[in-house]
Amino acid sequence: MKKKLLSLLIAGTMVLSPVSVFADEKDDRIAELEAQVADLQKQLEDALAKIPASTSQSEYKIGETWIVEGQWKVTVDSVEETSDRNEYSEKQPAAVYVLTYTYENLGYQDDYSDGLFISLDDGIVDSAGKMGYSYPGDITMFPQETPISASCQAQVCIGVDNPGNFKINYNNYDGNSQKQSAVFNIEL
């Protein structure tokens, strides 16, 4: 993108600036054009520095909404600790949380699914920096493939070895194959 923009700026400068056919004027004009190109390149670098990178991570708390324009929005609605444990699970978490969240499809589509599907039970980092995990708990709302202009409220059950605040590092590719990332800071 940077190269395209720079090429367009250079081409525009050359089209708008007539080049003399006389040899001595030609050398002066080339030097002037080179100075203009250097100035335009500096302006381009300054402008690009002000644009946030598309892969930058944003952080959100409970109740705050992460919006990827034209793709989706996600809000962690609530988090509740539960004393329920699954007797058939080999995992022995120190704490189990039921996280309720809502996501809406603002325009996401791809060739492989019938809609947007977001599950926040991966990328969990507990209060001591140890990875958490999906836990087979008692939830009533499951994530579903959601078509454009529809929303889904879902739950995930999360187990951690160190109780307290935790983070969910979520990554997903949008419908344009661009990686989008967000961190949900869950403060209990």
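The alpha-carbon atoms of region 59-160, seen along their principal axes, cover 40, 28, 20 angstrom, with the largest extent given first.
Each Lys or Arg adds one and each Asp or Glu subtracts one; over the other residues with Cβ under 13 Å from the Cβ of Tyr173, this totals -2. Work out the FRET efficiency for Lys91 and Gln153 from their Cβ-Cβ distance, taking R0 = 22 Å, and round it to the nearest 0.05. Using R0 = 22 Å, I get an efficiency of 0.30.
Within the shell of other residues whose beta carbon sits under 12 angstrom from the beta carbon of Asp39, the net charge comes to -3, with Lys and Arg scored +1 and Asp and Glu -1.
Taking amide H as placed 1.01 Å from N in the peptide plane, the amide H of Ala150 sits under 5 Å from that of Asn105, each at least 5 places away or on another chain.
Classify region 140-188 as rounded, prolate or oblate from the Cα gyration tensor: take a ≥ b ≥ c as the square roots of its eigenvalues, call it rounded if a/c is under 1.5, otherwise prolate when a/b beats b/c and oblate if not. Oblate, since a/c reaches 1.5 and b/c is not below a/b. Per-residue extension of 0.36 nm, minus the Cα-Cα distance of Glu32 and Lys179, leaves a gain of 48.8 nm for this segment.
Around the amide H of Gln144, modelled in the peptide plane, lie the amide H atoms of Ile118, all under 5 Å away and 5 or more residues distant in sequence or on another chain. Computed over neighbours whose Cβ is under 15 Å from that of Ser58, the net charge equals 0, Lys and Arg +1, Asp and Glu -1.
Listed by chain and number, the aspartates and glutamates whose C-alpha is less than 14 Å from the C-alpha of Lys26, apart from same-chain residues fewer than 8 away, are Glu34.
A short reminder: the numbers here are calculations on the coordinates, not readings from a lab. A quick note: this is a predicted structure, and the numbers were derived from the prediction, not measured. Here the Cβ is made from the backbone with ideal geometry for all residues, glycine too, and neighbour counts use every protein chain on show.
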